[in-house]
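The values are calculated or read from the model by the stated rules, or taken from the named source; none is laboratory data. On a predicted model such as this, the values are computed, not experimentally measured, just so you know. Here the Cβ positions follow ideal geometry from the backbone for every residue, glycine too, while neighbour counts run over all protein chains shown.
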Ligand code: ADP
């Protein structure tokens, strides 16, 4: 099976501070991978380098065993199907829900595109809100709208940064169901999140980062039982 994202001996520095330290990991198509760990572990930096926002000092990241993300521009990376939803919802509040999703598509909206927008709205549970202004949505709905804006482009790698931060329990459960619905053999999903109960419901595997390195990789259930993981993260 093809590896979706291959991180090889990656090091990222900010000045003299090493945020990612000789990190190697492989994320497969078909899986939901959670990247967890304490504040400052390097989770956001990892997503930043995968999406081309931050640059590696050494090492490389390969997408689909072909495209070297560590040498590609942000635009090239997005165009290749490696997409990210940022932590804070940034929907266009004065536009309708439907218009927001169409923006996610970019380019001209033909009949096929319109159908894709409809399908995506249905997937995220916002069909009934299609004509409403995005600014009128509840916080959870804005999160789903932003996921829709990314998902409508049918990404190969979908990165979600804290998708349930600030959501109610019910909204969190719905987001969990949504992520499971977005799982596909042609897609890898990477989730950065601090809500461990949520992570357990969506992640096939977790990677625990600590000081820019992998401390643990495996199921969430095993992570909970790992003494080092408890020591640096879960026990705090
Ligand atoms: P996490 O997402 O796991 O909380 P981050 O990836 O945001 O961790 O940060 C890892 C470390 O790198 C932190 O110590 C943070 O202060 C530092 N860092 C992140 N981005 C920058 C930056 N642009 N300039 C300087 N230091 C940064």
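At a glance:
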{"read-out": "Some residue of segment 20-29 being closer than 17 Å to residue 233 by Cα and under 14 Å from the mean Cα position of the chain (by Cα)", "value": "no"}
{"read-out": "Close pairs (6 angstrom Cβ cut-off, 6 or more residues apart or separate chains): farther than 18 Å from residue 141 by Cβ in segment 108-128, at pLDDT below 95 and in a helix (DSSP H, G or I) anywhere", "value": "109/102; 113/105"}
{"read-out": "Listing of helices (runs of 4 or more DSSP H) fully contained in segment 1-115 that carry 3 or more residues being within 13 Å of the ligand (Cβ to nearest atom)", "value": "43-50"}
{"read-out": "Members of segment 101-122 that are modelled with pLDDT of 95 or more and more than 23 Å from residue 187 (Cα to Cα)", "value": "none"}
{"read-out": "Residue match in segment 141-148 (condition: more than 21 Å from the chain's Cα centre (by Cα), crowded, with 16+ Cβ neighbours inside 10 Å and under 25 Å from residue 169 (Cα atoms))", "value": "no"}
{"read-out": "Sole residue being modelled with pLDDT of 95 or more and within 24 Å of residue 183 (Cβ to Cβ), chosen from 140, 125", "value": "125"}
{"read-out": "Residue match in segment 60-67 (condition: in contact (Cβ under 8 Å) with a residue 40 or more places away in the chain and surrounded by fewer than 17 Cβ atoms within 10 Å (Cβ to Cβ))", "value": "yes"}
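Yes or no, residue by residue, for (1) exposed (fewer than 14 other Cβ atoms within 10 Å of the Cβ); (2) under 25 Å from residue 27 (Cβ atoms):
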site	(1), (2)
84	no, yes
94	yes, no
104	no, yes
126	no, no
